[in-house]
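Novice: Take a look at the following structure, please.
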Amino acid sequence: MSRKPAKGEYIETDTGNKVSRRSQIIGTTNIILGGKTVIQAEVIIRGDLLRTSSSVPDGGKQSNPVAVAIGRYCIFSRGCELRPPGKMYKGTFSHYPLKIADHVFIGPGSIIEAALVGSHVSIGANCVIGKFTIIKDYVRILGGTVVPPNIVIPSFSVVAGRPGRVVGEIAEGEVEGFDLRELYRSVGNNT
Amino acid sequence: MSSKRHSTAPPPPKPPTQFSSTSSLIIADAASLIGTHLISLSSNTIIHPRTKLISTYAPITVGSNCILSERATIGLQSEPSEGLSQGVVIADYVVVEVGARVEAKSVGEGCIIEVNSKIGKGAVLGKHCKIGPMCVVAENEELADYTVVYGNGMQRVDRSGVEHLKFKMIARQVDVLRKLIPGNLPKFINRT
């Protein structure tokens with residue numbers, strides 16, 4: 001590896017985000033990072049796929065349009081992709097914002113086209129999350145799952161399979177394992 | 001400080017390209033077209049950033065109103081066997097989603113190839129086929145029109161007759177993407 005030693009792999013922002021230099025983030029102005037989020041190498045975030053359904057923004061606001069909104073302490077592993085979903089509505093095609101809450105872990109190679117991912121959700125490696133899926137809080141999606149489009153996954157579910165189905169529940173005692181603060185600290189230029 | 005390091009290897013040669021219309025075709029700047037054979041693309045086709053079209057072993061032909069998403073790899077990845085010299089031929093209104101790998105001999109009109117699926121070398125897809133996420137079509141497999149491949153390699157035939165709606169949706173999607181994705185066509189023009 002002929003990487004320059006002075007510069008580490010991650011760029012750390014003021015709000016504590018650790019973004020890999022080798023991530024592929026498109027449309028940065030339309031992405032909100034809540035802080036303390038890790039974006040590893042080869043992650044693609046499609047911020048350019050904006051809502052286009054109405055040319056006038058909602059309520060005439062002048063703020064930046066949002067394509068991808070991400071909360072705090074989220075970890076996006078190597079090679080995963082976040083892509084706002086798109087559909088036809090009332091005769092026009094539009095993309096809709098992808099919202100991700102706090103403490104969300106996304107495994108390597110997973111492709112997320114969900115509408116909403118709740119807090120403390122853990123998505124394994126090489127999953128495909130279908131368009132407009134809504135994942136509630138405390139959900140674990142095992143590796144290799146293909147979650148079909150437009151479904152709602154209730155809180156405290158374990159989802160697996162092709163197509164993904166709820167295969168179990170998360171017991172109350174297991175909730176501890178979802179806190180990503182430790183993992184966030186372990187990622188960085190020094191390790 | 002952006003001190004550009006110059007790589008010692010020369011950049012790979014651009015593949016010869018043929019575009020039927022230069023106004024309505026969008027190729028994102030970060031897309032990669034590599035290889036030595038002809039890549040021909042038709043009008044209203046959208047190529048997302050980070051899409052790979054590889055014409056190292058055989059030519060690639062893509063019809064009009066197609067959407068090729070990021071990380072998708074189109075083109076043969078090994079030496080073509082006999083009868084595959086025309087390479088990969090993709091008809092009109094084909095959507096290739098994220099991460100799909102298409103080495104098919106031909107993909108029929110209105111096919112949807114979903115996330116991370118693989119179409120083997122020499123496969124022939126009929127019209128309006130749908131290949132579900134992470135599904136695999138074997139090498140030299142032939143799928144009849146309207147076949148849906150889903151789950152763990154299961155197949156069924158879908159004749160719900162909504163093709164015109166699908167075409168309309170793809171056309172609208174192309175219109176939207178054309179506004180969203182800045183194209184950089186001149187970078188890829190290489191007439192021979």
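The values are calculated or read from the model by the stated rules, or taken from the named source; none is laboratory data. Just so it is clear, the structure is predicted and the values come from calculations on it, not from any experiment. Positions of Cβ are generated from backbone atoms using ideal geometry, with glycine treated the same way; all protein chains shown enter the neighbour counts. Areas reflect the complete protein model, heavy atoms only, side chains present, ligands, DNA and RNA absent. Shrake-Rupley method; radii C 1.70, N 1.55, O 1.52, S 1.80 Å.
Novice: Remind me, relative contact order of chain B in percent, using alpha carbon pairs under 8 angstrom and six or more residues apart? All intermediate terms of the calculation are to be shown ahead of the outcome.
Specialist: On the way: 549 pairs, mean separation 32.5, N = 192.
Relative contact order here is 17 percent.
Novice: For chain A, what does the helix formula give at 222 nm: sum of -39500 (n - 2.57) over DSSP H segments with n ≥ 4, over the residue count, nearest 500 deg cm²/dmol? It would help to have the intermediate numbers written out before the result.
Specialist: Details: 1 runs with 6 residues, N = 191.
Taken over chain A, the calculation gives -500 deg cm²/dmol.
Novice: How much of the pair distance distribution for segment B:17-182 lies past 21 Å, counting alpha-carbon pairs only, in percent? Intermediate values should be presented prior to the final figure.
Specialist: Values: 5458 of 13695 pairs.
That tail contains 40 percent of the Cα-Cα pairs.
Novice: So what is log10(I(q)/I(0)) for the protein assembly as shown at q = 0.06, 0.07, 0.12 1/Å, when the Debye sum runs over its Cα atoms only?
Specialist: Calculated log10 I(q)/I(0) at the listed q: -0.24, -0.33, -0.98.
Novice: Same structure, new question: Considering only DSSP beta bridges whose two residues both sit in segment B:17-182, what percent are antiparallel, to the nearest 5?
Specialist: Working: 4 of 43 bridges.
So the antiparallel bridges in segment B:17-182 amount to around 10 percent.
Novice: Short version: ³J(HN,Hα) in whole Hz for each residue of segment A:89-105, in order, from phi by Karplus 6.51 cos²θ - 1.76 cosθ + 1.60 (θ = phi - 60°), x for Gly and Pro, what are they?
Specialist: Rounded to whole hertz, the list is 9, 6, x, 10, 9, 8, 8, 10, x, 9, 10, 10, 7, 8, 6, 9, 10.
Novice: OK, next. So what's the net charge close to A:Ser157: Lys and Arg +1, Asp and Glu -1, counting the other residues with Cβ under 15 Å from its Cβ? Please report the intermediate quantities before stating the final value.
Specialist: Numbers: positive: A:Lys136, A:Arg140, A:Arg165; negative: A:Asp137, A:Glu169, A:Glu172, A:Glu174.
Net of charged neighbours comes to -1.
Novice: Using a 1.4 Å probe on protein heavy atoms only, how many Å² of accessible area do A and B hide from each other, summed over both chains and rounded to 100?
Specialist: Working: alone 10170 and 10220 Å², together 18080 Å².
Interface area, both chains combined: 2300 Å², rounded to the nearest 100.
Novice: Strictly over 32 Å apart at the Cα level, which of A:Lys36/B:Lys166; B:Lys52/B:Lys179; A:Lys136/B:Lys127; A:Lys36/B:Lys168; A:Lys136/B:Lys105 would you flag in this model? Numbers along the way, then the final one.
Specialist: Working: A:Lys36/B:Lys166 41 Å; B:Lys52/B:Lys179 21 Å; A:Lys136/B:Lys127 38 Å; A:Lys36/B:Lys168 42 Å; A:Lys136/B:Lys105 42 Å.
With Cα atoms farther than 32 Å apart: A:Lys36/B:Lys166; A:Lys136/B:Lys127; A:Lys36/B:Lys168; A:Lys136/B:Lys105.
Novice: Right, next: Please give, to one decimal in nm, the separation of the simple spin-label points placed at A:Glu172 and B:Asp175, each 7 Å out from Cα toward the Cβ.
Specialist: 5.5 nm
Novice: Between segment B:13-59 and segment B:64-120, how far is it from one alpha carbon centroid to the other, in angstrom?
Specialist: Measuring centre to centre over Cα atoms gives 13 Å.
Novice: Order these peptides, A:114-125, A:157-168, by their mean beta-carbon neighbour count within 10 angstrom, highest first. Don't skip to the end; give the middle numbers.
Specialist: Details: A:114-125: 22.0, A:157-168: 17.5.
Ranking, from highest mean packing down: A:114-125, A:157-168.
Novice: Continuing with the same structure: Roughly how compact is chain A, stated as its Cα Rg over 2.2 N^0.38 Å to two decimals?
Specialist: Numbers: Rg = 16.9 Å, N = 191, 2.2 N^0.38 = 16.2 Å.
Cα-based Rg divided by the globular estimate yields 1.04.
Novice: Continuing with the same structure: Counting only protein heavy atoms and a 1.4 Å probe, tell me what percentage of segment B:17-182's accessible area is made up of carbon and sulfur.
Specialist: Numbers: 3210 of 6590 Å².
Summing carbon and sulfur atoms, their accessible area is 49 percent of the total for segment B:17-182.
Novice: While we're here: How far apart, in nm, are the 7 Å Cα→Cβ label points at A:Met88 and B:Ser20?
Specialist: That separation, rounded to one decimal, is 2.2 nm.
Novice: With the Cα gyration tensor of segment A:92-139 in hand, give its eigenvalues times 5 under a square root as the equivalent ellipsoid semi-axes, listed largest first in whole angstrom.
Specialist: Working: eigenvalues 69, 35, 12 Å².
Computed over segment A:92-139, the values are 19, 13, 8 Å.
Novice: To test your reading of the geometry: what angle, between 0 and 90 degrees and rounded to tens, separates the Cα axis of helix B:163-180 from the longest principal axis of chain B?
Specialist: 20 degrees
Novice: State the dimensionless ratio Rg/Rh of segment B:93-176 (Rg: radius of gyration of Cα atoms; Rh: Kirkwood radius). Before the final figure, lay out each step's value.
Specialist: Working: Rg = 12.0 Å, Rh = 12.6 Å.
Dividing the radius of gyration by the Kirkwood radius yields 0.95.
Novice: To the nearest 0.05, what FRET efficiency results for A:Lys7 and B:Ser40 with a Förster distance of 41 Å applied to their C-beta separation?
Specialist: On the way: r = 42 Å, r/R0 = 1.01.
It comes to 0.50.
Novice: Here's a follow-up. Excluding ligands, DNA and RNA, what is the solvent-accessible area per residue of segment B:17-182 at a probe of 1.4 Å, expressed in Å²? Mind dumping the intermediate values first?
Specialist: Working: 6590 Å² over 166 residues.
In whole numbers, segment B:17-182 has 40 Å² accessible per residue.
Novice: With heavy atoms of protein chains only and a 1.4 Å probe, what residues of segment B:58-76 have at least 30 Å² less accessible area in the full set of chains than alone?
Specialist: Residues losing area: B:Glu70, B:Arg71.
Novice: Suppose only helical runs count, i.e. DSSP H with n ≥ 4. What mean residue ellipticity at 222 nm does that imply for chain B under -39500 (n - 2.57) per run, divided by all residues and rounded to the nearest 500 deg cm²/dmol?
Specialist: Helices in chain B give a 222 nm mean residue ellipticity of -3000 deg cm²/dmol.
Novice: Another question, then. For chain A, which whole percent of the accessible surface, found with a 1.4 angstrom probe, sits on carbon and sulfur atoms? Could you put the intermediate results ahead of the total?
Specialist: Working: 4750 of 9040 Å².
After summing per-atom areas, the C and S share lands at 53 percent.
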